[in-house]
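Peer 1: Please find one structure pasted underneath; my questions will follow.
The values are calculated or read from the model by the stated rules, or taken from the named source; none is laboratory data. Just so we're clear, the structure is a prediction, and the values are computed from it rather than from any experiment. Here the Cβ positions follow ideal geometry from the backbone for every residue, glycine too, while neighbour counts run over all protein chains shown.
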Amino acid sequence: MEHLTRPVGRGFWSRPRLVLHGLVMGGLFGWCALLSGSVWLSASVMVLGILIAVIASNIKFSLLGEPLLFSDVVVAQSFLRNPKFYLFSVPLPARVAVVAIVLLLPALFIHVACQGLHAGIRLSGALMAMGSFAGLRMVPRARWAPVPDALADITRLGLTGSLHLYWHRWQAEPDGAPPPPVSPPTRPRRDIVVVVQCESFADPRRLGLAGHVRIPPMPGLDHARARASVWGRLEVSGFGAYTMRTEYGVLFGREEADLGFRYFDPFLTAGREKAFALPYRLGRAGYETVFMHPHNLGFYSRDRLMPAIGFRELVGGKAFTHTPSASMPYTPDCDVADAVLHRVDQATGPLFLYVVTMENHGPWPKGEGGGLAHYLRHLEGSDRMLDRLAKGLEATGRTATLVFFGDHRPSIPGAVAPGKERDTPFVVIDFPTAHASGAVAAESLSPAGLHHVIEQHALETGPN
């Protein structure tokens, strides 16, 4: 597998990089001096801040192939609320350092600030902070960062500069023009539409695994491809994380190139774009709309976002009774398949059900066979889920469409590393199906492209 490397180049000493770094660091030093009245503490915080950011960015790049981004502040909030969800990817020394800084730094600030007024230092800090703020306001943001290109800009603008400029460019990004509305005579084409976003699901035969690794058979995926009306590779941009980018593309149908700086975390502004969303559009056509995720719906603020974009029913982790264990931390995908088929049986009208699974999510323990063996075992569980859903929907005798895809490839240190190849499988099966007749293999689709395929299968316009 061709691995990504950290970007370097002659832009290291570029004028935008030096100006932005100086102004951001000057502002940080000034605010700290204003609050603490201490030069040495302010300088220490300034140096420590950039050191932590660089280390975090390097760790993230090695795991996910991306530097630290302004949108990672949201991930930081999730980290503080649910640390076990992320700690497995952070080296032990970094964990200890983070805990020490979080506990000691506020206490140190309070202690130093109480030692005396130090009016001259505080006044100088205030002037430095205001001067840095004024300088940053004068930066030609659109000229220095015309388009999002994180790998190039981490060198050209520097880490602090790209974090600052990208945040402001994200704030200035306009909403997209709304799509044509769904209105009569548009109506449901199918009785049931089930879309399954399978966590870290990838075809193991395309992961570039070492020759000695036993690659599990994937009969569910192979059988689904043989019966699909459309199947192929989903060209996702993220690796090892950023589920919300793929999820947004499938739900909203907007290409990442059209999102500008919103691309890095499109969920942050998705609540303003419900006119694009599948649940809103299919709901207006007459579908019941259900979102199912066997985990905490607070992640990515799904508990607030999903109702806002048209899902009328949410099924979260509390609806499942799985007891976590070292070998099965999350709800098994086959249990989710059973819940889906139970909800299908309850449907009294056209149903659109969007499912986000969890079985393949890390951490992957380092026991027998290592993290890769653990992942591959769970991948087989997802394959069985796909087969169970296909057979279950066919058995209903109703017209149905099953859409199944992986949100991103896994990041497994020492086994699966970020590279240029990031695609995951997708299949679209219509029931009743003619098995192998007429199956079309799509070379590739973007998540937004899959959105449009789903809408075409789910809706029809014209006289009854």
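Peer 1: Just wondering, is there one or more residues in region 301-323 that are assigned by TED's automatic domain parsing to the domain that holds residue 335 and closer than 21 Å to residue 418 by Cβ?
Peer 2: No: zero hits.
Peer 1: In the list 383, 387, 338, 345, which residue meets the criterion of being among the charged types (D, E, K, R), part of a helix (DSSP H, G or I) and crowded, with 22+ Cβ neighbours inside 10 Å? First the steps, then the outcome.
Peer 2: On the way: 387 fails: crowded, with 22+ Cβ neighbours inside 10 Å; 338 fails: crowded, with 22+ Cβ neighbours inside 10 Å; 345 fails: crowded, with 22+ Cβ neighbours inside 10 Å.
The unique qualifying residue is 383.
Peer 1: Taking residue 193, is it over 20 Å from residue 410 (Cα atoms), among the aliphatic types (A, V, I, L, M), at pLDDT below 95 and in contact with a strand residue (DSSP E or B) (Cβ under 7 Å, 6 or more places away or on another chain)?
Peer 2: no
Peer 1: Kindly indicate which of 341, 305, 297 is under 21 Å from residue 455 (Cα atoms) and hydrophobic (A, V, I, L, M, F, W, C).
Peer 2: Within the list 341, 305, 297, the selection yields 305.
Peer 1: Something else now. Please find, among 402, 351, the residue that is aliphatic (A, V, I, L, M) and either out of contact with any helix residue (DSSP H, G or I) (no Cβ under 6 Å at 6 or more places or on another chain) or assigned by TED's automatic domain parsing to the domain that holds residue 151 (or both).
Peer 2: The match here is 351.
Peer 1: Among the residues of region 49-57, is there at least one that is hydroxyl-bearing (Ser, Thr, Tyr) and in a helix (DSSP H, G or I)?
Peer 2: Yes; the residues of region 49-57 include at least one that is hydroxyl-bearing (Ser, Thr, Tyr) and in a helix (DSSP H, G or I).
Peer 1: Could you look through region 200-238, keep only residues that are among the basic types (Lys, Arg), in contact (Cβ under 8 Å) with a residue 40 or more places away in the chain and part of a helix (DSSP H, G or I), and pick out the one that is farthest from residue 431 (Cα to Cα)?
Peer 2: The selected residue is 206.
Peer 1: Can you confirm whether residue 184 is modelled with pLDDT under 95, out of contact with any Phe, Trp or Tyr (no Cβ under 7 Å at 6 or more places or on another chain) and outside any helix (DSSP H, G or I)?
Peer 2: In short, yes.
Peer 1: Another one. Since residue 121 meets every condition but one in (1) under 21 Å from residue 27 (Cα atoms); (2) surrounded by fewer than 16 Cβ atoms within 10 Å (Cβ to Cβ); (3) modelled with pLDDT of 85 or more; (4) among the aliphatic types (A, V, I, L, M), which condition does it not meet?
Peer 2: (2)
Peer 1: Something else now. If you go through region 226-237 one residue at a time, do you hit one that is over 30 Å from residue 273 (Cα atoms) and surrounded by fewer than 22 Cβ atoms within 10 Å (Cβ to Cβ)?
Peer 2: yes
Peer 1: Of all residues in region 390-421, which are within 30 Å of residue 459 (Cβ to Cβ), touching a residue at least 60 places away in the same chain (Cβ under 8 Å) and part of a loop (DSSP other than H, G, I, E, B)?
Peer 2: Those that are within 30 Å of residue 459 (Cβ to Cβ), touching a residue at least 60 places away in the same chain (Cβ under 8 Å) and part of a loop (DSSP other than H, G, I, E, B): 396, 398, 399, 407, 408.
Peer 1: I'd like to check something: does region 237-257 contain any residue that is of a type in the set (D, E, K, R) and more than 16 Å from the chain's Cα centre (by Cα)?
Peer 2: No; the residues of region 237-257 include none that is of a type in the set (D, E, K, R) and more than 16 Å from the chain's Cα centre (by Cα).
Peer 1: Can you pull out every residue in region 303-319 that is touching a residue at least 12 places away in the same chain (Cβ under 8 Å), part of a helix (DSSP H, G or I) and either touching a helix residue (DSSP H, G or I) at 6+ places or on another chain (Cβ under 8 Å) or more than 16 Å from residue 270 (Cβ to Cβ) (or both)?
Peer 2: Within region 303-319, 304, 305, 306, 308, 317, 319 qualify.
Peer 1: Looking at (1) surrounded by 19 or more Cβ atoms within 10 Å (Cβ to Cβ); (2) more than 22 Å from residue 235 (Cβ to Cβ); (3) aliphatic (A, V, I, L, M), find the lone condition where residue 428 falls short.
Peer 2: That leaves (2) as the condition not met.
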